[in-house]
Every structure is written in structure tokens, then in C-alpha cells.
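Everything on this sheet refers to the single structure shown next.
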Amino acid sequence: MDNFEIHQFVGIIENELLPQLKLISVSPYDPIQVDYLPHPWQLLGAGNYAAVMAHPNYPELVVKIYAPGRPGLEEEREVYRRLGVHPAFSRCFYANDHFLVLKRLYGVTLYDCMHKGLRIPKQVILDIDHALDYARDRGLFPHDIHGRNVMMWENRGYVVDISDFLHQEACSKWDNLKTAYYWIYRPILSPLRIRLSYRTLDWVRKTYRILSNFYKACCRPFNSRF
């Protein structure tokens, strides 16, 4: 990536995007809301802490902007430093106290694949598995890997969000997603090309979170409850 192009992109972000952009974070458990995005910027996605945007004149770059008061930018920058260059991950080209400039990854999240009825090949799951093993070898702890944070492009798998890879506590989201893939998706949903509405997917997401939190509370050592 050309340094001059990155410098131009940063200038447009600081002079044209940030002064007009309006981000609202209602809850740390739900995606932030983008109330206003100036033309010709495009919203690619919004997580619980940040939103990712692209400019049509810079097709290889995106900017990830954290909502006011939301943590994680410094940690994400460190994760990208440790990851270095890997085909299943993005790269960080620039960072300051407000945003990150990243390599753009093209594709469709597995969450959206379920909504659109797109076939998810086994290779996509294997690619993501290998990428997470690579991250562990770099001293990282893959965390919060779910359908919105991984995607496929030309039948290959990619990891979109690595912002929580410094969190050392155990996370079973990816293992649970793989279990659902092999036991439910491949034998049932994929052959039938079943499409799930976003309302259904959102219900599954929220139900999973509630059950997961309940399970953690029940499995907590008895003495730690007092």
C-alpha cells in the first residue's frame, strides 16, 4: 500500500468525515448507530464499539472509528501489530486516538450468508480455524468470534474483527458456531437453501447471549458467588 495514498485517506477522514459523522452508542451489548454519514462514504458495518466505513476513491482501505467513550482502540492496534501479515486478517496502516486505517477485506459475513441463503463451504470454516491458530501462535487469544465477525469471499474464510484478541478469558463462541455448522447447517439448512430473517437471527443471537451468561453464572465456583 502506497504511503502517499494512506496519507491522503487520513486527510479526508480528518477534514471531511469526522466533522460531520454522528455516532451514537446506546448500549455496549448492541451495535452502535450511525445517525449521519456524509456522502460519498459508505457504512460497511457497525459493532458494539465502533463502525467501519469506506470511501469509493480508496477501494483498498477502510476506516474504523470508535464511538465516544467506548474502549478498545489501543488494544486493537496492538493486536494488529502482533498479527503482522496474514491472508485471513486485515492490516493496520495507520492509527491515532480516534480511528484506525485498515486494509479492506471483501466478502459476506456468515451472519448475512444465513439471511441470504448462501452456501458456506467447509473450506471457509477451515480457513478461519487456521487463522485463529496462527493468532494463538502470535501470543493472542481469539475472542468473540461469531457470525458477524467472520466472512467468506470466493469460498475462502476471513476474520473481520480482532479487537478482543487480548482478552485471556475463555470464549466458546467460535466452537459453538462450528458445532451448529456441522450439526445443523450442513445436514439441514444448506441442502434446503433455507433463508433466515434478520429478526430470527437477532433472536438467536440474543437468546444465545442470555443462555451463555446463565451458564457462566451457574458454573461459577460456589465460593465466588459470595
Just one listed residue, out of E16, E5, E75, is closer than 18 Å to S163 by Cα and charged (D, E, K, R), and it is E75
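Consider region 25-55. How many of its residues are out of contact with any Pro (no Cβ under 9 Å at 6 or more places or on another chain), over 23 Å from I6 (Cβ atoms) and in a strand (DSSP E or B)?
First, the residues of region 25-55 that are out of contact with any Pro (no Cβ under 9 Å at 6 or more places or on another chain): 26-37, 39, 43-44, 50, 52-54.
Next cut, over 23 Å from I6 (Cβ atoms) only: 26-36.
Applying the additional criterion that residues be in a strand (DSSP E or B) yields 33-36.
Matching residues across region 25-55 total 4.
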Among Y198, Y215, Y208, the single one that is under 18 Å from the mean Cα position of the chain (by Cα), modelled with pLDDT under 85 and outside the structural domain of R136 (by TED's automatic domain parsing) is Y208
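Could you list, in sequence order, the residues of region 15-45 that are acidic (D, E) and exposed (fewer than 13 other Cβ atoms within 10 Å of the Cβ)? Talk me through it step by step, then tell me what you get.
Restricting attention to region 15-45, the residues satisfying the condition of being acidic (D, E) are 16, 30, 35.
D35, the sole residue that qualifies.
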Of the residues in region 100-145, those that are touching a Lys or Arg at 6+ places or on another chain (Cβ under 9 Å), part of a loop (DSSP other than H, G, I, E, B) and touching a residue at least 40 places away in the same chain (Cβ under 8 Å) number 7
Counting only residues that are touching a His at 6+ places or on another chain (Cβ under 9 Å) and either basic (K, R) or surrounded by fewer than 21 Cβ atoms within 10 Å (Cβ to Cβ) (or both), region 66-82 contains a total of 2
Restricting attention to region 61-70, the residues that are within 15 Å of I162 (Cβ to Cβ) and either assigned to a loop (DSSP other than H, G, I, E, B) or in contact (Cβ under 8 Å) with a residue 40 or more places away in the chain (or both) number exactly 1
Residue hits (region 11-43; touching a residue at least 60 places away in the same chain (Cβ under 8 Å) and under 20 Å from the mean Cα position of the chain (by Cα)) are Y29
Across region 70-91, the tally of residues that are within 16 Å of the chain's Cα centre (by Cα) and farther than 19 Å from I145 by Cα stands at 1
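Residue under question is Y58, and the condition is that it be assigned to a loop (DSSP other than H, G, I, E, B), modelled with pLDDT of 95 or more and surrounded by 15 or more Cβ atoms within 10 Å (Cβ to Cβ); does it hold? Spell out the reasoning first.
Numbers: assigned to a loop (DSSP other than H, G, I, E, B): yes; modelled with pLDDT of 95 or more: yes; surrounded by 15 or more Cβ atoms within 10 Å (Cβ to Cβ): yes.
So Y58 passes the test.
The values are calculated or read from the model by the stated rules, or taken from the named source; none is laboratory data. No experiment lies behind these values; they were computed from the predicted model shown. Every residue, glycine among them, receives a Cβ derived from its backbone with ideal geometry; neighbour counts consider all protein chains shown.
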